[in-house]
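Notes to accompany the following structure.
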Amino acid sequence: MTTLEDYRDGWEYIAVDRTDNGVLTLRLHFRNRPLLWAGGPHRELPELFAAIAADRDNRVVIITGTGDSFIDFQEEGAAAMAEQGVPAGAWDRVLCEGKRLVMNFLDIDV
């Protein structure tokens, strides 16, 4: 069984904390400011969601942001990617991570 100590630390974009009665809070951030959505959080969240799903001591999960926004999207970055094109291998990774993100999120039974 996974415990909070197994996954509390080590995330660049997510601060993890839990109360004694099982309320787990995930605070998304980028250097302690609002999260900028990019590849890093896209890679971290599926792994974290899998660990959370395996921890039976979680009763409630709250996902929140930092500052005055939940997530900031980098419109300039998306526009540049569309203009320059993205290698097929990169899209394969993005789709695989995206599917794992959703499926691991759905596996959290709280």
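Read through the list (1) open to solvent by 60 Å² or more (accessible area, probe 1.4 Å); (2) closer than 16 Å to LEU101 by Cβ; (3) modelled with pLDDT of 90 or more, then give the number of the only condition that TYR13 fails. Status for TYR13: all satisfied but (1). Looking across the stretch 65-90 at every residue that is closer than 30 Å to ASP109 by Cβ and in a strand (DSSP E or B), the one that is modelled with the lowest pLDDT is identified as PHE73.
Taking PRO46 as the residue in question, decide whether it is surrounded by 15 or more Cβ atoms within 10 Å (Cβ to Cβ) and either within 17 Å of ASP107 (Cα to Cα) or small (Gly, Ala, Ser) (or both). Yes. Checking each residue in the stretch 16-33 for being more than 19 Å from ILE108 (Cβ to Cβ), open to solvent by 30 Å² or more (accessible area, probe 1.4 Å) and not polar (S, T, N, Q) picks out ASP20, PHE30, ARG31, ARG33. Can you name the number of the only condition in (1) touching a Leu at 6+ places or on another chain (Cβ under 8 Å); (2) among the β-branched types (Val, Ile, Thr); (3) assigned to a loop (DSSP other than H, G, I, E, B) that ILE62 fails? Among (1) touching a Leu at 6+ places or on another chain (Cβ under 8 Å); (2) among the β-branched types (Val, Ile, Thr); (3) assigned to a loop (DSSP other than H, G, I, E, B), ILE62 violates only (3).
The values are calculated or read from the model by the stated rules, or taken from the named source; none is laboratory data. This is a predicted model, so every value here is computed, not measured. Cβ: placed from backbone, ideal geometry, glycine included. Neighbour counts: every protein chain shown. The area values use the complete protein model at the heavy-atom level, side chains included, leaving out ligands, DNA and RNA. Shrake-Rupley method; radii C 1.70, N 1.55, O 1.52, S 1.80 Å.
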